[in-house]
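Readers should treat all values here as calculations from the given coordinates under stated rules, not as data from a laboratory. Values in this document were obtained by computation on a predicted structure and should not be read as measured data. All Cβ positions, glycine included, derive from the backbone under ideal geometry; neighbour counts span all protein chains shown.
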């Protein structure tokens, strides 16, 4: 700023007014964020007082008896996200390798365009497909295929109603693949050319140079993409609610119905009678917020680190 | 004359690379699969009734989703009125006026907000706009969605403004234009295309959101008048109908899904094509 | 010279050498690689025109010339590295030990013709794993530790890193990293080692070390080096080819080329009048 002119002078020619106005709006953003955190914290005071840290390890969720424990939901959120990653990570990284290393630039860009569109599909649409396609598929194809040969394993034991942890995990996998692909593709593209050339010059096959040199070089960024995908999976509400079975129970079998943090909030928020009930749900919301906050922060860090490394090392 | 080991390595190489191709194709096919299914199941149910009639009482067939369509429109409009100015003007501040420290705080807050799960945003909007007034309303829903539009709008405005070449800026100031006049008449118009795109993308994103509306706008079997009544929206209707036990409602859910997806995809494609004719997209 | 050990090379190479003395020298030497009538294109643009020359066995051959003359492009045809770019196309013949490299499997070829790049590019692995990479993927059955030590000794790096083999390669200085890359390339026992301006990113002391190395290395393997530093070429190489806009202007034993160049363009270049 020019400094020597007085505040009033600047005010008169409009610059200072504009600066102040835009400052207020920018500050509003910070205010809103702070308010959000504050509201979450303040409105979950009751369960914090009543249950303390036990809230996280109790598995009873009984609104009638005013007993609220977060464990089934934390469990469900974790399990469905894990299933999602097990499916999405290999597929996503494989696709990213294809797009970054093999496909000619135009093909790579076109396919990436479609994958970006996939990321834009609303969650409730995935839920729709989950309910009417994945659930029947689970009952008729997937469950028999896994339960008959592997039914003795605890994760594949028991009956299936179509909905459950695995179904939710599958739907989540479809939803997070685009994130893994987009970010991994970018970090792979940023690996300096001469890394790959050095590997080829030693007599590597194309796969060896990709898998043993290029991918390890981009390893941190790819990890970042996985964290990002995980953050997305954790917060995902509608699609999961529609196919998880909405049962607040912990079960070893992937075919069992369960519940996730986001799903229980979605289902029970408007039915919550009494402050403790409502605030327990809000407390769950706070947990979710913290989890995604940490994951997103880590993800960003990892991705930035990798793309910098690429430009330092060989560039 | 290749020895056996080399032959094996080449085989593995070709096989694995082919597998990555399969991964890519499968991932992309999902999109077409979704579209196909929606078209197939929903296409036949889209008729004039769908857009013009109100939902019929539970269990009866027929009717439409006119209230949800109007509701979504109302809420999205208001969400834009709330979110866009904050993001846009805040972005101008970041790009044109702020010092480094303030800028990073604002950016950090925006990034944080961007990563908040949409259902938690719904809780926030509930605490702020529903609880005090003791009823669900359209503006509660608009508030929730508006907040979600802020981060994208803010970051993109900042990036696009920053990418305007210095020459343009200096040219205007050399002619005696004050700071704010330069911004309003030269810089913003130069970055207009990118900013417009970002707003469209933000809109497309919130148009499909369901979770934050569940306990803000809630839903309504009838038309809602004004802004302070619970309001039906397309995504929430889809959800309600899909999990119901009625076949006719399922049919309508597919139709609504098709309409919603069509809307979201069209806005996305539009935004991306506008952008690709102009400046490159900044990374978020 | 045993006729059987000396592969046939075309007359063109010898006549490219412009003095009778050098022609005799060339005719008497076995050529590890011979290039005949090579034309190279990137898309529609032709980069190399009718190149014919030889890379003498267990000698250092230098390619010099101003920026853009095609010397790096020429070097990269020798291990078919140009194939990583989609639009490149090659006509002509390149022989390694008498066999056309274009008809061979490229992966096998690249093990036999190694490369060191302009900027050090160690893998994001430990020093040990960098050197061991080549032997590992080729299924080396012997002791990796011995091979790694041998290669690092050949690259004059062993003493500096022997106690730190498991540290990351990125902890080494630029000059050390480049010697590591040389060790890595040597570990697969290549018949020819291509060096593409290996010292251009290094400080003078590291450069001197690597130049000393080259003189030793030629006992192990044949070397072809691209350099924009004429003094370097004069110091380390046995044969030098001078290129200009994609053609070989002169190809002679190094002392000849630098003291009594036969072509006025060569003379202009080495006396610094251009380039």
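At-a-glance table
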read-out: Degrees between helix C:204-217 axis and first principal axis of chain C (Cα, 0 to 90, nearest 10); value: 80 degrees
read-out: Cα long-axis angle, helix C:127-137 against chain C (0 to 90 degrees, to the nearest 10); value: 70 degrees
read-out: Space enclosed by the convex hull of the alpha-carbon atoms of segment B:136-221, per residue, Å³; value: 97 Å³
read-out: Where labels lie 7 Å past Cα in the beta-carbon direction, separation of residue B:184 and residue A:133 in nm; value: 5.1 nm
read-out: Shielding by partners - mean other protein chain Cβ count within 10 Å, residues of B:179-192; value: 2
read-out: Cα Rg, Dmax (largest Cα-Cα span) when computed across segment C:213-275, Å; value: 12.0, 37
read-out: Computed FRET value (nearest 0.05) for residue C:163 with residue B:192, which takes r as the C-beta separation and R₀ as 56 Å; value: 0.35
read-out: Rounded FRET efficiency, nearest 0.05, which uses the C-beta distance separating residue C:173 from residue C:200 and R0 of 22 Å; value: 0.90
read-out: Between 0 and 90°, nearest 10: helix C:144-154 axis offset from chain C longest Cα axis; value: 50 degrees
read-out: Proportion of all alpha-carbon pairs of segment C:78-155 beyond 22 Å (%); value: 39 percent
read-out: Distribution of pairwise C-alpha distances over chain A, 20 Å bins, in %; value: 26, 46, 24, 3, 0
read-out: Hydrodynamic radius by Kirkwood, which averages 1/r over all alpha carbon pairs of the protein assembly as shown, in angstrom; value: 31.4 Å
read-out: Where a label projected 7 Å from the Cα of residue B:276 along Cα→Cβ would reach, residues of segment A:86-111 with amide N under 19 Å; value: A:99-100, A:103-111
read-out: Kirkwood-based Rg to Rh ratio, segment C:123-274, C-alpha trace; value: 1.05
read-out: Radius of gyration and Dmax over the Cα atoms of segment B:1-98, both given in Å; value: 26.7, 78
read-out: Cα convex hull volume per residue for chain C (Å³); value: 130 Å³
read-out: log10 of Debye I(q)/I(0), alpha-carbon scatterers only, for segment A:32-183 at 0.14 Å⁻¹; value: -0.95
read-out: Förster-model FRET efficiency, 25 Å R0, residue B:248 and residue B:114, C-beta, rounded to 0.05; value: 0.05
read-out: 14 Å tail of the calculated P(r), segment C:122-168, as % of Cα pairs; value: 46 percent
read-out: Debye-sum result for segment C:43-189 in log10 I(q)/I(0), which assumes one identical scatterer on each alpha carbon, at q = 0.08, 0.16 Å⁻¹; value: -0.27, -0.97
read-out: CD proxy at 222 nm, helix term only [per DSSP H run n ≥ 4: -39500 (n - 2.57); per residue of the protein assembly as shown; nearest 500]; value: -18500 deg cm²/dmol
read-out: Measure of compaction for segment C:134-203 (Cα Rg per 2.2 N^0.38 Å); value: 1.12
read-out: Average other protein chain Cβ within 10 Å of Cβ, residues A:129-142; value: 2
read-out: Radius of gyration, Dmax [segment B:41-114; alpha carbons; angstrom]; value: 21.2, 62
read-out: Inverse mean reciprocal Cα-Cα distance (Kirkwood Rh) of chain B, Å; value: 21.7 Å
read-out: Neighbouring partner chain Cβ atoms per residue of B:96-103, average, 10 Å criterion; value: 3
read-out: Residue A:250 versus residue A:31: modelled label distance in nm, points set 7 Å from Cα along the beta carbon direction; value: 4.4 nm
read-out: Simple label model, 7 Å out from Cα along Cβ direction - residue A:48 to residue C:46, nm; value: 7.9 nm
